[in-house]
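The values are calculated or read from the model by the stated rules, or taken from the named source; none is laboratory data. These figures come from a predicted structure and were not determined experimentally. Reconstructed Cβ throughout: ideal geometry from the backbone, glycine too, with neighbour counts over all protein chains shown. Heavy atoms of the whole protein, side chains included, go into the accessibility calculation; ligands, DNA and RNA do not. Shrake-Rupley method; radii C 1.70, N 1.55, O 1.52, S 1.80 Å.
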Amino acid sequence: MESIVVNGISKWYGKEKLVALKNVSFTVNHGEIFGIIGPDGAGKTSLFRILTTLLLADEGSATVEGKDVVKQYKQIRNEIGYMPGRFSLYQDLTVKENLTFFATIFNTTIKENYHLIKDIYVQLEPFNDRRAGKLSGGMKQKLALCCALIHKPTVLFLDEPTTGVDPVSRKEFWEMLGKLKEQGITILVSTPYMDEASKCDRIALIQNGSILATDTPNAIRQSFDLMLYKAKSHNTALLLKDIRHYSKNLYAYAFGEHVHITFKAGEIDIEELKMNLIERKHHDIILEPDDATIEDCFIQMLRA
Amino acid sequence: MRTLLYLLQKEFKQIFRNKAILALIMVMPVMQLLILPLAADYEVKNINLVVVDNDHSTVSQQLISTIIASGYFKLVDYSQSYERSLKLIESDAADLILEIPADFEKNLIREEHQQLLLAVNAINGTKANLGGSYLSTIIKNYNQDLRLKIMQGKEQKSTGIINVVSSNWFNPEMNYTAFMVPGILAILVTMVGGFLTALNIVKEREVGTIEQINVTPIKKHHFILGKLIPFWILGNVVFTLGLLISWIAYGIVSEGSLLVLYSFIWVYLLAVLGFGLLISTYSNTQQQAMFIMFFFMMIFILLGGLFTSIDSMPGWAKLLARVNPVTYIIEVFRMVILKGSGLKDILPHLGIVSLIALVLNSWAIRNYKKTA
């Protein structure tokens, strides 16, 4: 059964009708982690604000747990947890006070839903009397998650929860999401980091307000129908330039410490390319086939 | 109800933690009420006077010493010529020139008629105006005394003199502080109520906490009440503090009932808080709210009748003053504190302020719903 249904949502801003979302549709099933993956400015936050009843869409409709985001916004607010991209708890209240405050306004107590936040809260408890504004970035993030969870929501909206968080905390954060999923909570999460896509059950790739693809991370990777090679030499920057120079039939881009080369099967002879690079005085050349990542898929979709 | 109580608890916690604001709420009324009424005094003293005495007679000497003895004037120069004394006015060392013509005494007694020249430096309007009229009054009085002396024994001339005796009701000694302190207190209450409400709500928007609040089932009216009630209480605290200071420092005790005064403040604070709320719905940052608030505060205060009489304003300004809540609080304060007016006397004021409160608050709530 579906937890979130988005049906042809469009949103534009201002007199110039700057498009934030263009005919966006997707569904999120119960108890899955659904990732909205896209660069900054792709429209992720607008989408979240519409689904959390904070913003009205200009076109289209959406339901959360079967309730319309416009007509039944009051019921939705009781059932969802929302963690905005920007830290937005009371900085002048302590950790405990923030948590108690959000528990109370949902007519519950910390004790009642302690099991939900236990794993996260144990790390926060030593700082119970510290003001939220004085916490480190990772701790703030954990507190915000606790506050979004304290009323036992059925759907959790997390807008870029890992932006600006160190790699270790990011990993921990995703592990926590995995545990929450086991509790049967549907999680809609957005992120600009492509490497986090594989942690989701299903993902939607979004760019300029449009959804490029919606599927499981594996299916999206498998849909990649080009040849992909990774290359490296003593001078990778120059290598990228030389590869691009070699043929117009291939597309090369920097990918971490490697260069990724994509092309249609049969259009490029890899051995010939390697010879060409040696002629151009590259040494320590590595040139081998590689599996496509979500980022490769995203880049390909943007070119198409 | 429980939600509201919890919101209030949270709000007070935040207020008491913000030491700077707390100090401002407590120190501002004390400092302003202790210092401002002493400085913002309408009485003009230390008017710099230059006398050009071309007569050098007993009468001219007496006239000058009478003027100096009044205490309002400071003789900065006893000049030889009018031209020289004008130099002093130009360099701003003098405010007034009194020129006594040659043969002043002789002509006064012989012809029973004489003229004096009074030149006023009108750059500082108030000082010039008041200084000029003080001096004219002193000279007039001196003239009468002189006439009596000269006329003694002689037959009284038939022209009668109209003698006006005035009496200052409700403030018999024209005690300046009794008039100014309630006014300053009124402005303080307005500022504390208006600024704090506007800034507090905008801060929630600026920091983003309002976003988090909006996805909760908190009802709008709970949220708004949760904001208004703490500042309503703080307004009362500031007002009470102000009353105590006016009593201790200036001995001003309200002639009328304190209950009347407080019931007006209760309604008035609703109007001011509503105004703050309205401003907050139109601003996205605390900076914006601050400047909009300043803009209106200046108008409210200058058109409120504290410094200048509303009756002497042009028609359009009078109209503006009529919809300005500050006008009513200053009037009511003066009526109740100085005159001892009762609830019946301030009913019209109470009615209009209630109306202003109703309009501002419903406008603000409507607008709040639209934006949030």
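Numerical summary
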read-out	value
Matching residues, region B:216-234, being more than 21 Å from B:ALA289 (Cα to Cα), open to solvent by 10 Å² or more (accessible area, probe 1.4 Å) and either more than 10 Å from chain A (Cβ to nearest Cβ) or touching a helix residue (DSSP H, G or I) at 6+ places or on another chain (Cβ under 7 Å) (or both)	B:PRO217, B:ILE218, B:HIS221, B:HIS222, B:ILE233
Pairs where the first residue, in region B:107-129, is more than 16 Å from B:LEU63 (Cα to Cα) and outside any helix (DSSP H, G or I) and the second is of a type in the set (Asp, Glu) and open to solvent by 90 Å² or more (accessible area, probe 1.4 Å), C-beta under 9 Å, 6+ apart	B:ASN121/B:GLU90; B:ASN121/B:ASP92; B:ILE123/B:ASP92
Subset of region A:181-195 (residues that are more than 15 Å from the chain's Cα centre (by Cα), at negative phi and surrounded by fewer than 21 Cβ atoms within 10 Å (Cβ to Cβ))	A:LYS181, A:GLU182, A:GLN183
Cβ pairs under 8 Å, 6+ apart, first in region B:259-278 and closer than 16 Å to B:ILE337 by Cα, second not in a helix (DSSP H, G or I)	B:VAL260/B:SER341; B:VAL260/B:GLY342; B:LEU261/B:SER254
Count of region A:48-91 residues which are in contact with a Leu (Cβ under 6 Å, 6 or more places away or on another chain) and in a helix (DSSP H, G or I)	1
Candidate set from region A:119-175 (those that are in a helix (DSSP H, G or I) and among the polar types (S, T, N, Q)); member that is surrounded by the fewest Cβ atoms within 10 Å (Cβ to Cβ)	A:GLN123
Residue check, B:ALA20 free of Cβ contacts under 8 Å to residues at least 40 places away in the same chain and within 14 Å of chain A (Cβ to nearest Cβ)	yes
Flag if B:LYS74 is within 14 Å of another protein chain (Cβ to nearest Cβ) and either under 31 Å from the mean Cα position of the chain (by Cα) or assigned to a helix (DSSP H, G or I) (or both)	no
Positions within region B:239-253 being part of a helix (DSSP H, G or I) and surrounded by 20 or more Cβ atoms within 10 Å (Cβ to Cβ), in sequence order	B:PHE239, B:GLY242, B:LEU243, B:SER246
Failed item in (1) over 32 Å from the mean Cα position of the chain (by Cα); (2) in the same structural domain as B:PRO230 (by TED's automatic domain parsing); (3) surrounded by fewer than 17 Cβ atoms within 10 Å (Cβ to Cβ), with B:GLN14 passing the rest	(3)
Verdict on A:GLU112 being part of a loop (DSSP other than H, G, I, E, B), in the same structural domain as A:PRO126 (by TED's automatic domain parsing), open to solvent by 20 Å² or more (accessible area, probe 1.4 Å) and not small (Gly, Ala, Ser)	yes
Residue within region B:89-100 that is open to solvent by 80 Å² or more (accessible area, probe 1.4 Å), over 21 Å from B:ARG147 (Cα atoms) and either assigned by TED's automatic domain parsing to the domain that holds B:PHE179 or charged (D, E, K, R) (or both) present	yes
The one condition in (1) more than 7 Å from every other protein chain (Cβ to nearest Cβ); (2) surrounded by 17 or more Cβ atoms within 10 Å (Cβ to Cβ); (3) touching a residue at least 12 places away in the same chain (Cβ under 8 Å) that A:THR100 fails to fulfil	(3)
Residue within region A:60-74 that is aliphatic (A, V, I, L, M) and within 11 Å of another protein chain (Cβ to nearest Cβ) present	no
Residue satisfying condition, being more than 21 Å from the chain's Cα centre (by Cα), within 8 Å of another protein chain (Cβ to nearest Cβ) and crowded, with 22+ Cβ neighbours inside 10 Å, within set A:LEU93, A:LEU89	A:LEU89
Single unsatisfied condition, A:PRO39 versus (1) crowded, with 19+ Cβ neighbours inside 10 Å; (2) in contact with a strand residue (DSSP E or B) (Cβ under 8 Å, 6 or more places away or on another chain)	(1)
So A:ALA219, is it closer than 23 Å to A:ALA148 by Cβ and either among the β-branched types (Val, Ile, Thr) or modelled with pLDDT of 90 or more (or both)	no
Helices (runs of 4 or more DSSP H) wholly inside region B:254-371 that include at least 2 residues being within 29 Å of B:LYS227 (Cβ to Cβ) and open to solvent by 30 Å² or more (accessible area, probe 1.4 Å)	B:258-282, B:286-302, B:315-322, B:343-371
Residue in region A:260-275 that is hydrophobic (A, V, I, L, M, F, W, C) and under 25 Å from A:ASP195 (Cα atoms) present	yes
A:LEU239 vs. criteria more than 30 Å from A:LEU116 (Cα to Cα), in contact with a Ser or Thr (Cβ under 7 Å, 6 or more places away or on another chain) and in contact (Cβ under 8 Å) with a residue 12 or more places away in the chain	yes
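So that you can scan it fast, the table gives a plain yes or no per residue for (1) open to solvent by 70 Å² or more (accessible area, probe 1.4 Å); (2) assigned to a helix (DSSP H, G or I):
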| residue | (1), (2) |
| --- | --- |
| B:THR3 | no, yes |
| B:VAL30 | no, yes |
| B:PRO37 | no, yes |
| B:VAL52 | no, no |
| B:GLN62 | yes, yes |
